[in-house]
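All remarks here apply to the structure that follows.
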There are 2 protein chains.
Amino acid sequence: MVVGRSDEADDDRRFRAVADATRRDILRRTMTREYSVSELARNYPMSFAAVQKHVAKLERAGLVTKRREGREQLVRADVHAVRRMRYLLDQLEAMWVDRIDRMGEILAQEKGDES
Amino acid sequence: MVVGRSDEADDDRRFRAVADATRRDILRRTMTREYSVSELARNYPMSFAAVQKHVAKLERAGLVTKRREGREQLVRADVHAVRRMRYLLDQLEAMWVDRIDRMGEILAQEKGDES
DNA sequence: GCGACCTACAACCATTTGGTTGTACGTTAC
DNA sequence: GTAACGTACAACCAAATGGTTGTAGGTCGC
């Protein structure tokens with residue numbers, strides 16, 4: 001997969017969206033079941049509008065979606081966006097493992113040469 | 001593991017540190033080998049001081065470490081901090097999977113009742 | 001020893017962020 | 001029908017962020 005600029009911007013948004021304890025908690029809760037925004041808001045020591053802003057930021061990052069049911073907006077997490085972030089971190093770790101592997105080969109080679 | 005406030009702050013720092021394309025690229029590069037700060041800086045269309053700030057932010061998040069070699073500071077990535085982020089995302093995904101599993105059980109139960 | 005290279009950081013600035021209060025509108029329950 | 005509930009968003013403000021320029025000091029190579 002070739003990473004383009006729009007992919008980088010999406011990654012920016014996703015990681016930034018989870019770089020806040022309140023938003024991570026919103027994500028945890030909405031991963032288990034749907035919550036309305038005001039139901040979510042009751043869990044945090046801030047105004048309703050502030051929680052609305054957090055939800056909006058998660059939505060712009062593609063981490064949650066909303067659907068209206070009567071007067072309520074129900075928020076649910078989207079595991080795909082979480083997987084995309086995990087994938088990127090997996091790639092980073094793979095680069096690390098690859099480096100360690102290459103060092104191991106060098107060491108093995110040096111040991112062979114010493115015999 | 002119980003997540004405490006200082007853990008949350010660490011998570012804030014780590015996710016915020018990777019919420020920027022330049023810093024993700026620095027992380028990719030230093031995952032494969034050590035780079036000096038000025039060597040890194042040659043890759044980005046910004047001042048040396050700006051790259052320095054990016055490296056400092058990664059360092060504060062525990063994602064890279066620096067060691068001095070003569071006049072150069074050599075930067076290397078720390079895979080443990082990447083793993084901590086991945087772990088957190090794994091937990092989120094596990095919550096999703098658990099929810100899907102519970103829905104599957106409910107559906108199976110409903111089908112059993114219909115027979 | 002001195003020019004080139006490398007790094008650190010202060011001060012500044014424009015933009016973004018994260019919170020508040022206030023206003024407005026739609027839905028629901030009685 | 002109206003009070004209660006739920007939501008959206010504008011305007012505001014303080015703090016944080018991400019970049020710049022400039023100054024200063026250490027190391028290295030010739």
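Ballpark to the nearest 100 Å², how much total accessible area do B and A bury together, probe 1.4 Å?
By this definition, chains B and A bury close to 3300 Å².
In order along segment B:92-97, the phi-based Karplus estimate (6.51 cos²θ - 1.76 cosθ + 1.60, θ = phi - 60°) of 3J(HN,Hα) comes to 4, 5, 4, 5, 5, 4 Hz; Gly and Pro are listed as x. Highest GNM mean-square fluctuation among B:27, B:74, B:88, for chain B modelled with Cα contacts below 10 Å: B:88. Both the radius of gyration and Dmax for the protein assembly as shown are 21.5, 78 Å, in that order, over alpha-carbon atoms.
Each other copy places its own label point for residue A:83 at 2.5 nm from this one, sorted shortest first, where the point lies 7 Å along the Cα-to-beta carbon line.
Within the same chain, lysines fewer than 8 places from residue A:111 are excluded, and of the rest, none has a Cα less than 28 Å from its Cα.
For the protein assembly as shown, the share of accessible area belonging to carbon and sulfur comes to 49 percent (1.4 Å probe, ligands and nucleic acids excluded).
Taking amide H positions as modeled 1.01 Å from N, with prolines and chain starts lacking one, the residues under 5 Å from residue B:74 and 5 or more places away or on another chain are B:67, B:68, B:69.
The GNM of chain A, with springs linking C-alpha atoms under 10 angstrom apart, assigns the highest mean-square fluctuation among A:11, A:20, A:101 to A:101.
Once backbone amide H atoms are built at 1.01 Å from N, residue B:64 has B:59, B:78 as its partners under 5 Å, excluding neighbours fewer than 5 places away on the same chain. Each copy carries residue B:39; placing its label point 7 Å along the C-beta direction from Cα gives inter-copy distances of 5.4 nm, listed from smallest up. For the options A:60, A:14, A:99, a Gaussian network treatment of chain A with springs between C-alpha atoms closer than 10 Å singles out A:99 as fluctuating the most. Note on residue B:53: lysines with a C-alpha under 25 Å away, same-chain residues under 8 apart excluded, are B:66.
Reported to the nearest whole Å, the Cα centre-to-centre distance from segment A:1-50 to segment B:1-77 is 24. If you plug the beta carbon distance of residue B:42 and residue B:72 into 1/(1 + (r/R0)^6) with R0 = 22 Å, you get a FRET efficiency near 0.95. Quick check on segment B:41-103: what does the Kirkwood estimate of hydrodynamic radius come out to from the alpha carbon pairs, in Å? By the Kirkwood definition, the hydrodynamic radius is 14.4 Å. The alpha carbon convex hull volume per residue for segment A:5-114 rounds to 124 Å³. Computed from Cα positions, the angle between helix A:48-60 and the longest principal axis of chain A comes to roughly 40 degrees. Note on residue A:102/residue B:93: beta-carbon distance plugged into 1/(1 + (r/R0)^6) with R0 of 22 Å gives a FRET efficiency of 0.15. Summed over the residues of segment B:5-114 and divided among them, the accessible surface reaches 57 Å² per residue at a probe radius of 1.4 Å. Couplings 3J(HN,Hα) of segment B:10-24, computed from phi: 4, 4, 3, 4, 5, 5, 5, 5, 9, 8, 8, 4, 5, 5, 5 Hz, in residue order, whole Hz [Karplus 6.51 cos²θ - 1.76 cosθ + 1.60, θ = phi - 60°; x for Gly and Pro].
For residue B:110, inter-copy separations between label points set 7 Å beyond Cα along the Cβ vector come to 6.3 nm, shortest first.
The values are calculated or read from the model by the stated rules, or taken from the named source; none is laboratory data. All values derive from a computational prediction rather than experimental measurement. So basically every Cβ, Gly included, is an ideal-geometry build from the backbone, and we count neighbours across all protein chains shown. Side chains included, ligands, DNA and RNA excluded: accessible areas come from the protein's heavy atoms. Shrake-Rupley method; radii C 1.70, N 1.55, O 1.52, S 1.80 Å.
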